[in-house]
Amino acid sequence: MLYRNYIDGKWVESASGKVFESLNPANGEVLGRVSYAGPNEIDSAVEAATRAFSRWRQVPAPRRAETLFRAGDILQRRKEELAIMLTREMGKVLKEARGDVQEAIDMAYYMAGEGRRLFGYTTPSELPNKFAMQVRDPIGVVAAITPWNFPLAIPAWKIMPALVAGNTVVFKPAEDTPIMGVLLVQILEEAGLPPGVLNLVLGPGEVGAALVEHPKVAMISFTGSNEVGREIAIKAAERGKRLSLEMGGKNAIIVLDDAALELALEGILWSAFGTSGQRCTAASRVIVQQGIQEDLTRSLVERVKKFRLGNGLLETTDIGPVINEPQLQRIHNYTEIGLKERAILLTGGKRYTEGECARGFFYTPTVFALVKPGMRIAQEEIFGPTTVLITVKDLEEAIEVNNNTPYGLSSSIYTQDVNKALKAINNISTGLVYINAGTIGSEVHLPFGGTRGTGNGHREAGNAALEAFTEWKSVYIDYSGRLQRAQIDID
Ligand code: NAP
């Protein structure tokens with residue numbers, strides 16, 4: 001099957017005829033051929049979105065929202081089928097794939113609700129017989145550039161708020177998960193989006209780069225690595241474009257001596273190894289207080305060794321493959337770095353090739369101990385099933401270690417002491433904080449994003465998403481019938 005670009009309401013092949021393949025990372029199965037967007041398709045997509053913008057922004061927001069409600073219903077109806085394809089294309093186990101689809105459903109309904117809010121503010125004027133208010137305006141054509149690890153949820157996080165706010169969109173999904181991108185756009189088309197309002201261009205990073213550089217793209221909403229995000233930030237600054245960035249993480253779970261050990265263990269296993277560690281919120285550090293360190297380490301390694309690797313479609317699988325060969329190499333490279341840094345490898349640390357897994361990209365769940373906070377494996381994002389144990393003496397040291405990385409996305413603390421939990425909430429400097437839960441598990445109606453190298457101050461999800469996808473317009477209505485000068489006629 002050939003998956004095509006979607007431009008101005010039509011599914012089109014690229015003029016160059018170039019195609020690439022989408023592969024199942026569990027076994028190398030070819031899932032489909034994908035038409036590669038060239039300069040013609042990219043330009044046509046942006047032009048279509050530009051033309052559609054002047055019409056779409058005039059559609060009343062509650063009417064725009066109706067499309068999202070219908071898209072939510074279709075996603076809900078097709079949830080199982082979408083989850084199966086998501087597991088085949090991205091690799092995560094089926095129950096997590098269902099969660100990915102559910103996040104898109106939740107976002108569709110939540111942002112549809114915003115169609116009847118999109119609140120602005122009124123405020124008194126400093127002058128008599130004058131009325132003041134601020135209202136939201138859409139920005140224009142938004143380029144949505146997304147990674148492969150949440151191939152349905154992350155695009156939904158961008159496309160749904162952008163559309164309800166009155167923007168039009170050109171969407172560039174990751175090269176590793178184009179089919180999920182196509183399916184999402186098909187659903188929004190079926191839900192009744194007019195031609196040109198949402199366009200899809202398929203292909204590698206250079207397609208994203210062309211969108212960033214296109215003069216008619218007003219805003220870039222990007223989720224991905226810091227390396228690419230930084231490159232985009234420079235180009236956007238040079239061109240004066242609005243930019244929302246969601247990038248990497250080096251998230252930690254803090255376990256204090258008074259923690260409920262079993263609960264903490266469950267949180268670590270889920271947060272460090274769920275999605276094979278390929279989540280921006282994955283717990284790739286465990287900061288453990290010295291009194292509980294021995295018990296936690298022993299139980300953790302015992303449990304990690306029991307994980308069953310395999311195809312995510314099988315009920316028996318705990319951990320699926322990683323996305324591709326370069327990612328596998330990158331993860332293994334970090335194992336070698338950890339060994340060179342003299343951290344102790346407690347388990348894992350190699351490619352997994354048993355049985356059917358030999359045809360896919362599997363990596364054994366890996367735990368390092370005796371890790372110092374400044375080591376590269378404790379500072380850099382690995383984005384794989386690897387976590388490192390760092391021992392600390394008390395809460396203060398734990399928070400200092402937690403905060404001291406180039407990233408600031410998610411943190412968690414396990415403690416039974418309410419005072420310690422509140423001190424942690426106050427002093428942790430990441431965008432997300434969990435108490436007695438792991439580092440993953442965001443809900444769509446709360447802001448999502450991070451500090452330092454993780455982002456550029458914007459947040460996705462929640463009503464905070466609207467701050468990224470709208471401009472404020474301040475409106476003054478003078479009904480005094482005379483010239484009133486602000487700051488001057490105040491006596
Ligand atoms: P990536 O390599 O940065 O790619 C992200 C997207 O950008 C892909 O669609 C990619 O296309 C495209 N791209 C690549 N080079 C580009 C360029 N020069 N200009 C414009 N677009 C370009 O990231 P990834 O490997 O897909 O995803 C993993 C990263 O995403 C991790 O660092 C993870 O932490 C981060 N992430 C962050 C969040 C968050 O919300 N904070 C959520 C999920 C993931 P191709 O796929 O075709 O290369």
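Taking helices (runs of 4 or more DSSP H) that do not extend beyond the range 58-168, which have at least 1 residues that are farther than 30 Å from Leu314 by Cβ?
It comes to 61-77, 94-114, 153-164.
Is there a residue being under 24 Å from Asn324 (Cβ atoms) and modelled with pLDDT under 95 anywhere in the range 356-378?
Yes, the range 356-378 contains at least one residue that is under 24 Å from Asn324 (Cβ atoms) and modelled with pLDDT under 95.
Is at least one residue of the range 184-196 open to solvent by 10 Å² or more (accessible area, probe 1.4 Å), more than 9 Å from the ligand (Cβ to nearest atom) and polar (S, T, N, Q)?
yes
Taking Lys423 and the conditions (1) in a helix (DSSP H, G or I); (2) within 15 Å of the ligand (Cβ to nearest atom); (3) among the charged types (D, E, K, R), which numbered condition does it fall short on, given that it satisfies the others?
(2)
Could you go through the range 140-149 and let me know if any residue there is open to solvent by 20 Å² or more (accessible area, probe 1.4 Å) and not polar (S, T, N, Q).
Yes, the range 140-149 contains at least one residue that is open to solvent by 20 Å² or more (accessible area, probe 1.4 Å) and not polar (S, T, N, Q).
If Glu396 passes every condition in (1) within 16 Å of the ligand (Cβ to nearest atom); (2) surrounded by fewer than 14 Cβ atoms within 10 Å (Cβ to Cβ) but one, which one does it miss?
The single condition Glu396 does not satisfy is (1).
Restricting attention to the range 347-356, does a residue exist that is in contact (Cβ under 8 Å) with a residue 40 or more places away in the chain and within 16 Å of the ligand (Cβ to nearest atom)?
The answer is no; no qualifying residue exists.
Quick one: would you say Pro173 is buried (at least 24 other Cβ atoms within 10 Å of the Cβ) and either without any contact (Cβ under 8 Å) to a residue 40 or more places away in the chain or away from the ligand (no atom under 12 Å from the Cβ) (or both)?
yes
Looking for whichever is in contact with a strand residue (DSSP E or B) (Cβ under 6 Å, 6 or more places away or on another chain), under 30 Å from Thr275 (Cβ atoms) and crowded, with 16+ Cβ neighbours inside 10 Å here; the options are Ser44, Ser22. Which one fits?
Result: Ser22 is the single residue among Ser44, Ser22 that is in contact with a strand residue (DSSP E or B) (Cβ under 6 Å, 6 or more places away or on another chain), under 30 Å from Thr275 (Cβ atoms) and crowded, with 16+ Cβ neighbours inside 10 Å.
Would the range 423-431 turn up any residue that is among the hydroxyl-bearing types (Ser, Thr, Tyr) and buried (at least 17 other Cβ atoms within 10 Å of the Cβ)?
Within the range 423-431, one or more residues are among the hydroxyl-bearing types (Ser, Thr, Tyr) and buried (at least 17 other Cβ atoms within 10 Å of the Cβ).
Would you please name the residue that is surrounded by the fewest Cβ atoms within 10 Å (Cβ to Cβ), looking only at residues in the range 367-378 that are on the phi < 0 side of the Ramachandran plot and not in a helix (DSSP H, G or I)?
Gly374
Go over the candidates Tyr109, Tyr121 one by one and state the one that is open to solvent by 10 Å² or more (accessible area, probe 1.4 Å) and under 14 Å from Met160 (Cβ atoms).
Criteria check complete, one pass: Tyr109.
Evaluate the range 206-229: report whether one residue or more is under 25 Å from Thr281 (Cβ atoms), touching a Phe, Trp or Tyr at 6+ places or on another chain (Cβ under 7 Å) and open to solvent by less than 20 Å² (accessible area, probe 1.4 Å).
yes
Restricting attention to the range 323-366, which residues are surrounded by 15 or more Cβ atoms within 10 Å (Cβ to Cβ) and within 16 Å of Glu29 (Cβ to Cβ)?
Result: Ile323, Asn324, Cys357, Arg359, Gly360, Phe361, Phe362.
When you look at Phe383, is it more than 30 Å from Asn27 (Cβ to Cβ), of a type in the set (Phe, Trp, Tyr) and within 16 Å of the ligand (Cβ to nearest atom), yes or no?
no
Any chance the range 269-276 includes a residue that's away from the ligand (no atom under 16 Å from the Cβ) and within 26 Å of Phe171 (Cα to Cα)?
no
Scan the range 450-473 and give yes if some residue there is out of contact with any strand residue (DSSP E or B) (no Cβ under 9 Å at 6 or more places or on another chain), assigned to a loop (DSSP other than H, G, I, E, B), open to solvent by 10 Å² or more (accessible area, probe 1.4 Å) and modelled with pLDDT of 95 or more, otherwise no.
Looking for residues that are out of contact with any strand residue (DSSP E or B) (no Cβ under 9 Å at 6 or more places or on another chain), assigned to a loop (DSSP other than H, G, I, E, B), open to solvent by 10 Å² or more (accessible area, probe 1.4 Å) and modelled with pLDDT of 95 or more, one finds none in the range 450-473, hence no.
Counting only residues that are among the polar types (S, T, N, Q) and near the ligand (Cβ under 8 Å from one of its atoms), which one in the range 198-252 is farthest from Pro373 (Cα to Cα)?
So the residue we want is Thr223.
Could you tell me whether any residue of the range 59-70 is within 27 Å of Gly203 (Cβ to Cβ) and open to solvent by 10 Å² or more (accessible area, probe 1.4 Å)?
For the range 59-70, residues within 27 Å of Gly203 (Cβ to Cβ) and open to solvent by 10 Å² or more (accessible area, probe 1.4 Å): absent.
The values are calculated or read from the model by the stated rules, or taken from the named source; none is laboratory data. Everything numeric in this text was worked out from a predicted model, so none of it was measured. Glycine gets a Cβ as well: all are built from the backbone with ideal geometry, and neighbour counts include every protein chain shown. Each accessible area value is taken on the protein alone, full model and side chains, heavy atoms only, with ligands, DNA and RNA left out. Shrake-Rupley method; radii C 1.70, N 1.55, O 1.52, S 1.80 Å.
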